[in-house]
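Peer 1: Below you will find the structure I want to go over with you.
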Amino acid sequence: MSAPTARVGVGPVGPGPASGPRVPTTRRQGRPWRLGDAVVPLFAALAFLYLLVPIAYTVAFSFNDAGRSNLVWRGFTLANWANPCGAPQVCEALGNSLKVGVIATVVSTALGTLIALALVRYRFRGRALANLLVFLPMSTPEVVLGAALLAQFLSLRVNPGFGTVVAAHVMFCISFVVVTVKARVASLDPRLEEAAADLYSSPWQAFWRVTFPLLVPGILAAALLAFSLSFDDFIITNFNSGSFTTFPKFVYVSATRGIPPQANVIGSAMFALALLLVVSVQLVSVARRRRR
Amino acid sequence: MSIVAALGHGPGNGPAPAPVRRARGGAYLLLAPGLAYLGLFFVVPVVALLATSLYVPVPGGDVGQFQPAFEWANYTRALATYWPQMVRSFAYALIATLAALVIAYPMAYVIAVRARGRVFLQGMLLVLVIAPFFTSFILRTVAWKQILADESFVVAAMRAVSLLPPDGRLTATSFAVVAGLTYNFLPFMTLPIYASLERLDPRLVEAGADLYANGPTTFWRVTLPLSMPGVVSGTLLTFIPASGDYVNSVLLGNNTTTMIGQVVDSRFFKVSDYPTAAALSVVLMVAILLLVTAYVRRSGTEELL
């Protein structure tokens, strides 16, 4: 499952070639070589480079013997990796982000999955309105969502902190969960559930024994997506966190006086973990396809 | 239908239409918790935002004390003062969106069309596209700040070959802000375009060639039109967040590159001027909804909304 393809709702099936008709090649035999054949891949290679340069920079500077500010390269060291909590507040912020991320993921995945099921499986009055309510938070800039929530919390005299951050994260994750799970529900073959009914299962049994297991990959993709959205959110968090600090907020706040190299260590470690996860899923799915 | 659902395996793409159940009670039961949540933490806050945008200061009260009113002048005052930042936000977002489209399309094309059939290569290229999601976006923006810093070798190299004047700089310019926006939303542009190119039937492209169209003509007349749903989704997924962003303009810009998000943030937190901040947020939200609706209508992909 790839969180990232799912992030824009491309679908829970992962990065493998999905539904496209598979005709092996577009280059026809004997066609003369054209300039475009080389220019387009070259341009794409440059674009990939552009995409990866800041990541390489972040990883490299996690090994910097930085001293107080991590701006200039001062020499290679493993000290930052040996002591990732060495800078004040880094690990506290990371812990807060993980806590918020897990709670927001569980709640938004549950609520969003139910909405997705209702939207695909039922025709009912108010369906267009429900769709609109799911769509609107996604098409509203974060700064507006953050300001609106803060206006509400201010008028209710709620002190911003951990609770308000979780409430906000659940809200903006729900829509993305709905979109991701909806795609999966829509791609299910209804004949499977009919077959279960033919075999005398009750609708309840058919759902839990047939439909739900088929939905699990989509739900997991949605959960991964929700977690990554929550973990990386800055703007909405900044509006509704008061003195509560998450990892992105910590990085942003310390950007003015120099980010400790430990923040790069944590960023790089998260990168390595996610990369490992996605690449291994990728390898497994390639191996499985070969076996068939 | 949402923008995003349309680009994946949206309804209609599955093996057969899902069974449509007539019993309505079930649907409402499934919807109730989630929609109630969105009502409480999206609809009510937006109403609170509207209300706040019309507040007036409590007479003789402290800074940050307001009372309910219908002060529509808050809007005219806010816009009269901050229209440059509003216009700048949309301009930056537009340029960044176009730049991202130009950069993302070849990437998506190479992954979806050139690497077609090579499962492993395709998977790895996709992983590279989504790799930025795995590092905090603030960390990546800070990395750009340092890569483009005055003492960095990029600036030194550009000065050496006279791409920059000797005292020219890259940070704290509008160029850096737009480049940062382009960079941060590039995967959001690439993935939807990839998804629609992936579904493109290569036989259509071959048909174009059989009808004596040359490469560019086939691209403009066949490939590009068929990938329009991805282009529309990608541009929306880039433009909407970019127009409200302020991380890039704070970290990579200076006080002449201020975007509207930054104004909203500082009105709220630095001077406790809640009505102005709320009014500007409302204007931003309404403007984006109007733009998005008009754009989606014009591009003829109305099933997106």
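Every residue, every condition in (1) facing chain B (nearest Cβ under 9 Å); (2) small (Gly, Ala, Ser), yes or no:
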| site | (1), (2) |
| --- | --- |
| A:Leu133 | yes, no |
| A:Ser155 | yes, yes |
| A:Val165 | no, no |
| A:Ala168 | yes, yes |
| A:Val181 | no, no |
| A:Val185 | yes, no |
| A:Asp189 | yes, no |
| A:Ala195 | no, yes |
| A:Leu199 | no, no |
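Peer 1: What pairs can you find where one residue is in the range A:83-104 and exposed (fewer than 15 other Cβ atoms within 10 Å of the Cβ), the other is in a loop (DSSP other than H, G, I, E, B) and β-branched (Val, Ile, Thr), and their Cβ atoms are less than 9 Å apart, with a gap of 6+ or different chains?
Peer 2: A:Glu92/A:Thr245
Peer 1: Tell me yes or no: at least one residue of the range A:147-161 is buried (at least 24 other Cβ atoms within 10 Å of the Cβ), touching a Gly at 6+ places or on another chain (Cβ under 8 Å) and assigned by TED's automatic domain parsing to the domain that holds A:Phe227.
Peer 2: no
Peer 1: For the range B:215-228, indicate whether the set of residues that are assigned to a helix (DSSP H, G or I), free of Cβ contacts under 8 Å to residues at least 12 places away in the same chain and among the small types (Gly, Ala, Ser) is non-empty.
Peer 2: yes
Peer 1: Please tell me if B:Ile193 is crowded, with 16+ Cβ neighbours inside 10 Å and touching a residue at least 40 places away in the same chain (Cβ under 8 Å).
Peer 2: Considered against the rule, which asks whether it is crowded, with 16+ Cβ neighbours inside 10 Å and touching a residue at least 40 places away in the same chain (Cβ under 8 Å), B:Ile193 comes out as yes.
Peer 1: Now for a separate question. Taking B:Val47 as the residue in question, decide whether it is closer than 30 Å to A:Ala104 by Cα, at the interface with chain A (Cβ under 9 Å from one of its Cβ atoms) and out of contact with any strand residue (DSSP E or B) (no Cβ under 6 Å at 6 or more places or on another chain).
Peer 2: On the way: closer than 30 Å to A:Ala104 by Cα: yes; at the interface with chain A (Cβ under 9 Å from one of its Cβ atoms): yes; out of contact with any strand residue (DSSP E or B) (no Cβ under 6 Å at 6 or more places or on another chain): yes.
The answer is yes for B:Val47.
Peer 1: Please indicate, with yes or no, whether at least one residue in the range A:97-112 is out of contact with any helix residue (DSSP H, G or I) (no Cβ under 7 Å at 6 or more places or on another chain) and either facing another protein chain (nearest Cβ under 7 Å) or under 30 Å from B:Phe66 (Cα atoms) (or both).
Peer 2: Our first condition is that a residue be out of contact with any helix residue (DSSP H, G or I) (no Cβ under 7 Å at 6 or more places or on another chain); within the range A:97-112, this holds for A:98-99, A:102, A:106, A:110.
Of the ones still in play, those that are also either facing another protein chain (nearest Cβ under 7 Å) or under 30 Å from B:Phe66 (Cα atoms) (or both) are none.
Within the range A:97-112, none of the residues are out of contact with any helix residue (DSSP H, G or I) (no Cβ under 7 Å at 6 or more places or on another chain) and either facing another protein chain (nearest Cβ under 7 Å) or under 30 Å from B:Phe66 (Cα atoms) (or both).
Peer 1: Let me ask you something else. Does B:Ser162 satisfy the criteria of being of a type in the set (Gly, Ala, Ser) and within 13 Å of chain A (Cβ to nearest Cβ)?
Peer 2: When the stated conditions are applied, B:Ser162 does not pass them.
Peer 1: If I ask for residues that are in contact with a Leu (Cβ under 6 Å, 6 or more places away or on another chain) and either of a type outside the set (Val, Ile, Thr) or not in a helix (DSSP H, G or I) (or both), which ones from the range B:282-300 would you list?
Peer 2: Across the range B:282-300, there are no qualifying residues.
Peer 1: Quick test for you: out of A:Val286, A:Val278, A:Val210, A:Val251, pick the one residue that is among the β-branched types (Val, Ile, Thr) and in contact with an Asp or Glu (Cβ under 9 Å, 6 or more places away or on another chain).
Peer 2: None of the others qualify; the one that does is A:Val210.
Peer 1: Inspect all residues belonging to the range B:93-113 and state whether any of them is surrounded by fewer than 21 Cβ atoms within 10 Å (Cβ to Cβ) and not in a helix (DSSP H, G or I).
Peer 2: The answer is no, given that none of the residues of the range B:93-113 is surrounded by fewer than 21 Cβ atoms within 10 Å (Cβ to Cβ) and not in a helix (DSSP H, G or I).
Peer 1: Moving on to the next point. In the range B:224-242, is there at least one residue being closer than 30 Å to A:Ile259 by Cα, in contact with a Lys or Arg (Cβ under 9 Å, 6 or more places away or on another chain) and at the interface with chain A (Cβ under 9 Å from one of its Cβ atoms)?
Peer 2: In the first step, residues of the range B:224-242 are kept if they are closer than 30 Å to A:Ile259 by Cα; the result is B:237-242.
Okay, now just the ones that are also in contact with a Lys or Arg (Cβ under 9 Å, 6 or more places away or on another chain), so none.
No, because not a single residue in the range B:224-242 is closer than 30 Å to A:Ile259 by Cα, in contact with a Lys or Arg (Cβ under 9 Å, 6 or more places away or on another chain) and at the interface with chain A (Cβ under 9 Å from one of its Cβ atoms).
Peer 1: Given the criterion without any contact (Cβ under 8 Å) to a residue 12 or more places away in the chain and more than 9 Å from chain A (Cβ to nearest Cβ), identify the matching residue among B:Ala143, B:Ala157, B:Ala209.
Peer 2: The match here is B:Ala157.
The values are calculated or read from the model by the stated rules, or taken from the named source; none is laboratory data. Quantities reported herein were computed from a predicted structural model and do not represent experimental measurements. Positions of Cβ are generated from backbone atoms using ideal geometry, with glycine treated the same way; all protein chains shown enter the neighbour counts.
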